[in-house]
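Read through the structure below, which is laid out as structure tokens, and then see the notes.
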Amino acid sequence: MDAVWTAALLAIASGTASGLRPYFVVFTLGLVKALVPLGAAGPAAGVIEAIPPMLAEPWLLIVVAVLAIGDTLVDKVAYLDSAWDGIHAVLRPLFAAALGLGIGAEHGTAVAVGTAVAGGVTAAGVSLGKMTTRAAVNLLPEPVSNVLVSLGEDATAIVLLVLAFLLLPLAAILAALLLVGAIVLVVKLGGRMREWRRRRRLAGRGTPA
């Protein structure tokens with residue numbers, strides 16, 4: 001595959017995964033870059049070559065590994081996850097945009113800007129869908145749903161990254177579908193949550209809904 005196309009598709013796939021687990025994405029890409037020689041990478045060689053070398057720095061791997069563990073644990077605690085999401089509403093797209101910028105940097109300014117935008121936009125859309133879903137799930141009286149949804153997000157990020165190395169075009173297609181799904185969730189769940197809050201306010205005032 002052409003190196004520019006590889007960079008573009010990797011930015012989309014990693015950006016989408018970053019909308020769920022940004023620190024895990026950086027750690028995984030950096031670890032693979034550090035441990036897997038290009039000669040032994042087979043079909044994944046082009047993807048590994050596109051990963052910015054800085055991600056393989058030991059100090060950065062340690063930092064993002066600690067953050068990834070914290071991100072995964074906090075995300076499974078009801079209401080605390082929504083506060084964490086609020087903090088990361090900007091951080092996830094910024095992470096993905098910076099990652100996209102690094103992925104496309106060696107191909108010139110235009111490509112670097114394009115991959116940065118692709119990463120940032122996909123991360124922002126998926127992150128917004130994640131935040132909306134978790135806010136809705138937190139309204140449920142039991143904690144199990146929250147943990148299950150979080151585990152589903154873990155699995156989605158893992159699948160996206162594995163596909164990015166094994167079959168990058170499929171990873172990009174899945175990423176695009178997730179982005180569309182996230183937008184649909186925001187529209188539908190957002191409307192229902194607003195209606196639910198309106199009914200609660202009216203009920204609290206003793207006014208029929």
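The values are calculated or read from the model by the stated rules, or taken from the named source; none is laboratory data. What you see is a predicted model; the values in this text were computed from it and never measured. Neighbour counts are summed over all protein chains in view; Cβ atoms, including those assigned to glycine, are modelled from backbone coordinates with ideal geometry.
Of A89, A8, all but one fail to be in a helix (DSSP H, G or I), buried (at least 16 other Cβ atoms within 10 Å of the Cβ) and hydrophobic (A, V, I, L, M, F, W, C); the exception is A8. When region 34-47 is filtered for residues that are part of a helix (DSSP H, G or I) and surrounded by fewer than 22 Cβ atoms within 10 Å (Cβ to Cβ), the ones remaining, listed by number, are A34, L35, L38, G39, A40, G42, P43, A44, A45, G46. Residues in region 155-209 that are over 30 Å from W5 (Cβ atoms) and outside any helix (DSSP H, G or I) were compared, and the one that is modelled with the lowest pLDDT is A209. Close Cβ contacts (under 9 Å, 6 or more residues apart or on different chains) running from residues in region 107-126 that are without any contact (Cβ under 8 Å) to a residue 60 or more places away in the chain to residues that are part of a helix (DSSP H, G or I) and charged (D, E, K, R) comprise A112/E106. Which of the residues that make up region 7-18 are in contact with a Leu (Cβ under 9 Å, 6 or more places away or on another chain) and under 14 Å from A116 (Cα atoms)? Selection gives L9, L10, A11, I12, A13, S14, G15, T16, S18. When region 106-140 is filtered for residues that are outside any helix (DSSP H, G or I) and among the polar types (S, T, N, Q), only N138 remains.
From the list E57, E49, the one residue that fits, being farther than 26 Å from A176 by Cα and of a type in the set (D, E), is E57. Among the residues that make up region 39-54, is at least one of them in contact (Cβ under 8 Å) with a residue 12 or more places away in the chain, within 30 Å of R134 (Cα to Cα) and of a type outside the set (F, W, Y)? No: region 39-54 contains no residue that is in contact (Cβ under 8 Å) with a residue 12 or more places away in the chain, within 30 Å of R134 (Cα to Cα) and of a type outside the set (F, W, Y).
Summed over region 75-86, residues that are under 27 Å from A116 (Cβ atoms) and either within 12 Å of the chain's Cα centre (by Cα) or surrounded by 12 or more Cβ atoms within 10 Å (Cβ to Cβ) (or both) total 3.
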